[in-house]
Amino acid sequence: MKNLGLAILSLAFLIACESNDPTPQLSTLDFDQIMALPQESLNLAERQSLSLMREEEKLARDVYQALFSIWNVKIFNNIAQSEQTHTDAVKTLLIKYNLTDPVSQDTVGIFENQDLQLLYNELVSKGNISLANAYNVGATIEDLDIFDLENALLEIDNRDITLVYNNLTKGSRNHMRSFYRKITEIGGQYQAQFITQQKLESIIDSSKETGS
């Protein structure tokens with residue numbers, strides 16, 4: 001959980017519509033699986049992680065919606081829809097465990113976590129400068145998501161949370177592949193900021209993942 005907070009401070013699933021930007025989603029069956037799995041006791045790291053990931057996935061959705069409104073490029077709208085599924089999946093866990101939802105009113109661009117609020121403001125401002133910057137913002141978000149989810153999984157043993165986080169990580173890897181391709185198509189580069197460069201290269205060199 002410490003890594004989750006440090007990652008944010010350091011930077012102070014619906015299927016995609018484009019055929020070349022498929023993104024895995026949590027299907028209806030998967031939501032049923034979340035509720036069917038045992039409700040196990042929560043440790044502090046799991047409680048804090050669920051609250052953070054609920055807003056972090058919302059941040060991804062909100063930034064992509066903002067960038068789509070600026071640039072009208074489909075990838076942002078497509079992945080924003082996937083991120084809606086991600087944040088809804090975490091909400092399902094909050095409901096299951098009767099935890100307070102930090103997204104009490106789902107207002108775009110507004111966050112209870114002030115580190116995420118600052119991050120949202122910075123990312124949208126950066127993405128507004130150029131389309132190249134916008135693609136890099138997308139890669140940065142997915143980089144952070146993969147890092148945070150993988151570190152959270154180290155401290156989580158509940159089967160339902162593990163199921164959801166593994167699905168979210170899979171989606172983020174696909175999103176990273178899509179943004180990385182867009183960056184290179186316009187002659188740009190992206191260097192890993194949170195995950196290792198080796199992990200980034202292993203993701204972009206591997207095939208897109210389907211299913212959940």
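Residue-wise test of (1) in a helix (DSSP H, G or I); (2) under 12 Å from the mean Cα position of the chain (by Cα); (3) surrounded by fewer than 24 Cβ atoms within 10 Å (Cβ to Cβ); (4) among the small types (G, A, S).
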{"site": "L52", "(1), (2), (3), (4)": "yes, yes, yes, no"}
{"site": "K58", "(1), (2), (3), (4)": "yes, yes, no, no"}
{"site": "R61", "(1), (2), (3), (4)": "yes, yes, yes, no"}
{"site": "A66", "(1), (2), (3), (4)": "yes, no, yes, yes"}
{"site": "A89", "(1), (2), (3), (4)": "yes, yes, no, yes"}
{"site": "T92", "(1), (2), (3), (4)": "yes, no, yes, no"}
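If you take the residues of segment 81-140 that are charged (D, E, K, R) and touching a Phe, Trp or Tyr at 6+ places or on another chain (Cβ under 9 Å), which of them is nearest to G171 (Cα to Cα)? Among those residues, the one meeting the criterion is E83. Of all residue pairs spaced 6 or more apart or on separate chains, those with beta-carbon atoms under 6 Å, a first member in segment 36-50 that is farther than 15 Å from N151 by Cβ and a second member that is polar (S, T, N, Q) and open to solvent by less than 60 Å² (accessible area, probe 1.4 Å) are E40/N158.
The values are calculated or read from the model by the stated rules, or taken from the named source; none is laboratory data. Predicted model, so just to flag it, every value in this text is computed and none were measured. Every residue, glycine among them, receives a Cβ derived from its backbone with ideal geometry; neighbour counts consider all protein chains shown. All accessible areas refer to the heavy atoms of the entire protein, side chains included, with ligands and DNA or RNA removed. Shrake-Rupley method; radii C 1.70, N 1.55, O 1.52, S 1.80 Å.
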